[in-house]
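Asks: Okay, here's the structure, questions in a sec.
The values are calculated or read from the model by the stated rules, or taken from the named source; none is laboratory data. If you're wondering where the values come from, they're calculated on a predicted model, not measured in any experiment. Glycine also receives a Cβ, built like all others from the backbone with ideal geometry; neighbour counts cover every protein chain displayed.
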Amino acid sequence: MSHENEIKSLVWGAVLLVLAACVPLVANGYWMSIALTIAMFTVLATSWSLFSGPTHYISLATAAFFGVGGYLVGTGMSDYNMDFWTMVAIAPVVGAVLAFLIGIATLRLSGVYFVIFTLGLAEMIRTLVSWIQNNFTGSRGLYVLTDLTEADIYIYLVILAAVVYLVGWWVNRSRLGFALRIIGNDETVARHVGINTATSKVILFTFSGFVAALVGALIAPRYTYIEPNGVFSPEISFIVVIMALLGGTGRLWGPIVGVIPFALLQEYINANYSNYSTLVMGIAFLVIVYFLPKGVVGRIEQLLASRGRSTW
Amino acid sequence: MVATVLSVANATKRFGGLVAVNNLSFEVQQNEVMGIIGPNGSGKTTMMNLISGALRVSEGSIGLNGRFISTLTASQINQRGIARTFQLVRVLPGLGVVENCMAGMVFGHRRLWGDQARYEAGKLIERVGLSGKEAVPVGSLTYIDQKRLELARALASSPKLLLLDEWLAGLNPTELQEGIDLIRSLREEGITIILVEHVMDAIRSLCDRCIVMAAGSKIAEGSPGEVLADPEVVKVYIGEDV
Ligand SMILES: Nc1ncnc2c1ncn2[C@@H]1O[C@H](COP(=O)(O)OP(=O)(O)O)[C@@H](O)[C@H]1O
Ligand SMILES: [Mg+2]
């Protein structure tokens, strides 16, 4: 990208960010809640894409990190009388350590083995936390009582989104981003051109774990009552993958293009046909796999490119 | 004084019960082009994999410029100056031509980046004969052009030792001549090369020395003329296309 283009995309990003930050001024309670959901999944899907986009390693561990964030805030505040912000500071560090360990453990896996293993680990963590909660600490339930409104949480998530975009922008133009793209193309070649594939992958995976745990912690006050089976729900991991792939992971701003329509669709389905939400997820997945393998953004770019060629 | 770039001592590689490389020893000197020939399945690619770090030796040792490298990873070995091409060509289809070439110089010991890397990649692309094809999607390049690109990527790291695994295979006669000329020009630049080849014309015209492998073992070593006249070598090649 040329220097001018970079400045232009930074300016565009800043304008959109300011617009996003203005949503609480105009949205009522109902739309504020939807906007919060969109902000949450934007951060999750974008940070997921930083690792999974270029490398094509599909991680289903997002719920583990998100859950750790929410659970730590819940147990910290209810069981140990900790302050909300202290827990918000601790949670992403724990999420990052967990992601680092999962990253190391899955280094030798690829393709479907990686997918299944991350899902399995996330489920194992969910079961473990539920068990601890039920047998040791959980008699009183996990309440997260703060005076934060949904609009407050929304603003925090928009700021976090801005940070994730900046990090992603920096990674994309760094050696590290180039290394990840080579890894996604051919890991054997990557090793033979001197890339330390393990380090590159673990750095990005750890970052995505850090961010997901931070999101889980920040959004915990929204739920008031934290249920381990809820915050660790594998559905979160699946939705993040579907949204990111629907938008397209080839560009930094791809995932949000999938997040907004899918979040609205889910809201509509849940309100009107709540029994069918799993079905919608399944259909969305099939549509992506069959018709939009590079996501909406990839498809649009493809169309633009072929139009450009035919008009020559 | 000649400097030894690579020394392989008693290298053995087992895959379960199969001994793919059996107690192999040889040396490669600076500025030398050494050939490895032998029938299919004799262990040539496995030997290349042991040198590049794609596989680890079961026994024996490999040294580069007097430093022990046989326990290093492929990426560490590349950083110490060994680059390779693959028998089954491996380009990066999701990246452009220039980026494919840049991949070779960004992470190794050169660590070029940005405009300088693009500039150097451009020069190499011209060097291997890909000028004008910078905008072609890598997947649409012809077979020889993909091989050229892979060679450019390997050269991009300015390797102390270049491994070419049947780089000339599958080319038509015109392309073959171009390919041989290209490798000869590398040789004239003084790059140290190990060449695995089936094309005997190429072996004769490019190699200073070669070793012959059969069933994992070295059965002959010497100048191309000598080894190709060796009765035992002739015997292993009976029924093969020489
Ligand atoms: N990764 C591997 N696992 C198991 N067997 C292998 C592997 N790589 C090569 N072999 C076996 O080792 C032998 C030598 O193969 P190779 O080195 O590819 O021979 P060449 O390159 O001389 O044709 C063959 O029998 C092959 O099947
Ligand atoms: Mg071979």
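Asks: Keeping to segment B:167-179, report how many residues are more than 15 Å from ligand 1 (Cβ to nearest atom), aliphatic (A, V, I, L, M) and not in a helix (DSSP H, G or I).
Replies: Selection size over segment B:167-179: 1.
Asks: Whether any residue in segment B:48-63 is farther than 18 Å from A:GLY194 by Cβ, without any contact (Cβ under 8 Å) to a residue 12 or more places away in the chain and either more than 11 Å from chain A (Cβ to nearest Cβ) or surrounded by fewer than 17 Cβ atoms within 10 Å (Cβ to Cβ) (or both) is what I want to check.
Replies: No, because not a single residue in segment B:48-63 is farther than 18 Å from A:GLY194 by Cβ, without any contact (Cβ under 8 Å) to a residue 12 or more places away in the chain and either more than 11 Å from chain A (Cβ to nearest Cβ) or surrounded by fewer than 17 Cβ atoms within 10 Å (Cβ to Cβ) (or both).
Asks: For segment A:184-200, check the following and say yes or no: at least one residue is more than 10 Å from chain B (Cβ to nearest Cβ), outside any loop (DSSP other than H, G, I, E, B), within 25 Å of A:GLY254 (Cα to Cα) and touching a Leu at 6+ places or on another chain (Cβ under 8 Å).
Replies: Checked segment A:184-200: no residue is more than 10 Å from chain B (Cβ to nearest Cβ), outside any loop (DSSP other than H, G, I, E, B), within 25 Å of A:GLY254 (Cα to Cα) and touching a Leu at 6+ places or on another chain (Cβ under 8 Å).
Asks: Being on the phi < 0 side of the Ramachandran plot, in contact with a Phe, Trp or Tyr (Cβ under 7 Å, 6 or more places away or on another chain) and without any contact (Cβ under 8 Å) to a residue 24 or more places away in the chain is the filter here, so list the residues in segment A:175-206 that pass it.
Replies: The answer is A:ARG175, A:ALA179, A:VAL193, A:ILE195.
Asks: Still on this structure: Given the condition in a helix (DSSP H, G or I), within 13 Å of chain A (Cβ to nearest Cβ) and in contact with a strand residue (DSSP E or B) (Cβ under 7 Å, 6 or more places away or on another chain), answer yes or no: does some residue in segment B:111-125 qualify?
Replies: no
Asks: Mind checking whether some residue in segment B:77-94 is assigned to a strand (DSSP E or B), within 14 Å of another protein chain (Cβ to nearest Cβ) and away from ligand 2 (no atom under 13 Å from the Cβ)?
Replies: yes
Asks: Please state which of the following conditions B:ILE36 fails to meet, knowing it meets all the rest: (1) within 16 Å of ligand 1 (Cβ to nearest atom); (2) surrounded by fewer than 21 Cβ atoms within 10 Å (Cβ to Cβ); (3) part of a strand (DSSP E or B).
Replies: The number of the failed condition is (2).
Asks: I'd like the full set of residues that are in a loop (DSSP other than H, G, I, E, B), more than 16 Å from ligand 1 (Cβ to nearest atom) and among the small types (Gly, Ala, Ser), limited to segment B:180-228.
Replies: Matches in segment B:180-228: B:GLY190, B:SER223.
Asks: Report yes if B:MET102 is at pLDDT 95 or above, within 16 Å of ligand 2 (Cβ to nearest atom) and surrounded by 21 or more Cβ atoms within 10 Å (Cβ to Cβ), otherwise no.
Replies: no
Asks: Can you find a residue in segment A:36-44 that is buried (at least 24 other Cβ atoms within 10 Å of the Cβ), within 18 Å of A:LEU252 (Cα to Cα) and aromatic (Phe, Trp, Tyr)?
Replies: Yes; the residues of segment A:36-44 include at least one that is buried (at least 24 other Cβ atoms within 10 Å of the Cβ), within 18 Å of A:LEU252 (Cα to Cα) and aromatic (Phe, Trp, Tyr).
Asks: Continuing with the same structure: Being among the β-branched types (Val, Ile, Thr) and within 14 Å of another protein chain (Cβ to nearest Cβ), is that true of even one residue in segment B:17-34?
Replies: Within segment B:17-34, not a single residue is among the β-branched types (Val, Ile, Thr) and within 14 Å of another protein chain (Cβ to nearest Cβ).
For every residue, the table says whether it meets (1) in the same structural domain as B:PRO224 (by TED's automatic domain parsing); (2) modelled with pLDDT of 95 or more.
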| residue | (1), (2) |
| --- | --- |
| B:GLY41 | yes, no |
| B:LEU50 | yes, yes |
| B:SER58 | yes, yes |
| B:ARG67 | yes, no |
| B:ARG110 | no, no |
| B:GLY114 | no, no |
| B:LEU130 | no, no |
| B:GLU150 | no, yes |
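Asks: Further, regarding this structure: So how many residues does segment B:148-166 have that are away from chain A (no Cβ under 12 Å), within 16 Å of ligand 1 (Cβ to nearest atom) and either part of a loop (DSSP other than H, G, I, E, B) or among the acidic types (Asp, Glu) (or both)?
Replies: Going through segment B:148-166 one residue at a time, the tally reaches 1.
Asks: Quick one: which of B:LEU55, B:LEU6, B:LEU50 is more than 22 Å from B:MET200 (Cα to Cα) and near ligand 1 (Cβ under 9 Å from one of its atoms)?
Replies: B:LEU55
Asks: Working only within segment A:253-312, note down all residues that are under 28 Å from A:LEU166 (Cα atoms) and outside any helix (DSSP H, G or I).
Replies: A:TRP253, A:LEU292, A:PRO293, A:LYS294, listed by residue number.
Asks: Hey, does segment B:7-15 have a residue that's more than 28 Å from B:LEU186 (Cα to Cα), in the same structural domain as B:ASP208 (by TED's automatic domain parsing), of a type in the set (D, E, K, R) and in a strand (DSSP E or B)?
Replies: Yes, segment B:7-15 has at least one match.
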